[in-house]
Amino acid sequence: MRVLYFGTYERRYPRNAQVISCLRRAGVEVVERHMSVWEGREQKWGLGLGVVPRLALAEARLLRRPRDAADAVIVGYPGQFDLPAARRAAQGRPVVFNPLVSLADTLVGDRGRFRSGSLPARLLTAIDRRALRAADVVVADTEANAEFLAELSELPEQRFAVCFVGAEEAVFQPGWVPEKPATAVFVGKLIPLHGLETILGAARFAPELRFRVIGSGQLESLLESRPENVEWVPWVEYDLLPGELHRAACALGIFGTSDKARRVIPNKAFQALACGVPLVTADTPAARELLADGESALLVPPGDPEALADALRRVMAEPEVAQRLADGGHAVYREQASEDVLGARWRALIESRL
């Protein structure tokens with residue numbers, strides 16, 4: 001089977017790189033037709049109108065290119081604007097949309113760039129809905145997100161499939177050897193979804209614990225008044241992230257309280273599980289699709305810094321608990337989110353549409 005991975009997708013973003021890796025591992029030939037728009041732009045959704053000319057030129061080029069011989073076309077993330085060109089390239093073959101997020105949900109509900117009900121919010125919702133309806137099948141990252149996208153698009157649930165995000169196993173491999181002093185490590189963009197306020201609050205509740213925050217973004221100003229037990233590293237190269245995780249006492253997931261935070265399991269959670277590192281993250285419907293509290297992760301109420309502090313004290317003070325979480329988390333990753341498992345899942349859902 002041969003598939004075309006198509007669009008203005010961000011090539012190095014883990015969701016895209018991992019899907020391509022999974023498909024190839026499952027014996028699928030993957031060719032790419034890519035026009036660069038988002039590469040090198042960490043805050044891609046904060047670029048404003050300056051991105052419009054680049055995006056328009058990329059879409060025009062995608063429309064002009066001849067059709068590639070492929071059994072199906074996959075539109076990668078972010079790809080809401082790519083569906084018209086993808087349908088033309090497919091010429092009747094199945095079009096699979098891998099959106100990862102809704103634009104309206106991200107920019108209105110989560111990051112608060114636009115007010116709910118405003119003209120930009122309504123426009124983003126219309127763009128989302130049009131893109132979702134243009135695909136033959138939409139692949140969401142969790143059941144909770146699939147239900148949300150089905151409601152947003154007013155499409156039947158049969159038009160949706162679910163594949164976890166997973167992790168790039170060429171990069172993220174087991175090797176957990178925690179160093180002293182014990183440190184809880186967070187890796188990610190500093191956006192509302194991640195709940196940076198909750199992490200900093202936990203650090204204040206537990207001044208005896210050490211925290212390491214790796215990343216930058218919308219909320220980094222909160223770190224200017226961070227407690228003394230919080231170290232901030234604005235950037236670490238992607239290939240060096242496994243080492244950061246392997247040395248940590250535990251990895252921090254997300255702790256935001258938005259509706260979107262309840263529906264997603266982020267890259268950082270799968271990467272920690274793939275590395276065999278104990279994970280502490282929010283107790284949400286999405287997390288419960290994969291994780292069991294006390295067995296494969298410690299799950300705490302979203303937005304509750306005191307509960308997070310208590311959970312971290314437990315992981316750092318009880319080695320047997322930390323080891324159980326490390327082993328259980330890696331086991332559930334291998335069973336449900338490894339590249340072998342997800343590759344077979346992606347291949348099967350494409351074959352079912354041929």
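The values are calculated or read from the model by the stated rules, or taken from the named source; none is laboratory data. Owing to the predicted nature of the structure, the values given are computational and were not obtained by experimental measurement. Cβ atoms come from the backbone with ideal geometry, glycine included; neighbour counts cover every protein chain shown.
Okay, here's what the table says:
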item: Selection within the stretch 162-189 - aliphatic (A, V, I, L, M) and buried (at least 20 other Cβ atoms within 10 Å of the Cβ); result: VAL165, ALA167, ALA184, VAL185, VAL187
item: Subset of the stretch 230-253 (residues that are assigned to a loop (DSSP other than H, G, I, E, B) and either surrounded by 15 or more Cβ atoms within 10 Å (Cβ to Cβ) or free of Cβ contacts under 8 Å to residues at least 24 places away in the same chain (or both)); result: PRO234, TRP235, GLU237, ALA248, ALA249, GLY253
item: Test: residue in the stretch 344-352 that is in contact with a Leu (Cβ under 6 Å, 6 or more places away or on another chain) and in a helix (DSSP H, G or I); result: yes
item: Identity of the residue in the stretch 330-354, within 19 Å of PRO14 (Cβ to Cβ) and hydroxyl-bearing (Ser, Thr, Tyr), that ends up surrounded by the fewest Cβ atoms within 10 Å (Cβ to Cβ); result: SER338
item: Residue in the stretch 140-153 that is farthest from LEU291 (Cα to Cα), counting only those that are surrounded by fewer than 23 Cβ atoms within 10 Å (Cβ to Cβ) and in contact with a strand residue (DSSP E or B) (Cβ under 6 Å, 6 or more places away or on another chain); result: ALA150
item: Residue selected from the stretch 285-303 under the condition buried (at least 20 other Cβ atoms within 10 Å of the Cβ) and in contact (Cβ under 8 Å) with a residue 60 or more places away in the chain, by the criterion farthest from the chain's Cα centre (by Cα); result: PRO302
item: Looking only at the stretch 89-121, and only at residues there that are farther than 26 Å from PRO266 by Cβ and among the small types (Gly, Ala, Ser), the one that is surrounded by the most Cβ atoms within 10 Å (Cβ to Cβ); result: ALA89
item: Which numbered condition THR281 misses (of (1) surrounded by fewer than 24 Cβ atoms within 10 Å (Cβ to Cβ); (2) not in a helix (DSSP H, G or I)); result: (1)
item: Residue match in the stretch 261-275 (condition: crowded, with 17+ Cβ neighbours inside 10 Å, over 21 Å from LYS189 (Cα atoms) and at pLDDT 95 or above); result: no
item: ASP327 being within 15 Å of PHE255 (Cα to Cα) and touching a residue at least 24 places away in the same chain (Cβ under 8 Å); result: no
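One line per residue, one yes/no per condition, for (1) acidic (Asp, Glu); (2) surrounded by fewer than 21 Cβ atoms within 10 Å (Cβ to Cβ); (3) not in a loop (DSSP other than H, G, I, E, B); (4) not assigned by TED's automatic domain parsing to the domain that holds ARG133:
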{"position": "PRO53", "(1), (2), (3), (4)": "no, yes, yes, no"}
{"position": "GLU59", "(1), (2), (3), (4)": "yes, yes, yes, no"}
{"position": "LEU63", "(1), (2), (3), (4)": "no, yes, yes, no"}
{"position": "ASP68", "(1), (2), (3), (4)": "yes, yes, no, no"}
{"position": "ILE74", "(1), (2), (3), (4)": "no, no, yes, no"}
{"position": "GLN80", "(1), (2), (3), (4)": "no, no, no, no"}
{"position": "PRO84", "(1), (2), (3), (4)": "no, yes, yes, no"}
{"position": "ARG87", "(1), (2), (3), (4)": "no, yes, yes, no"}
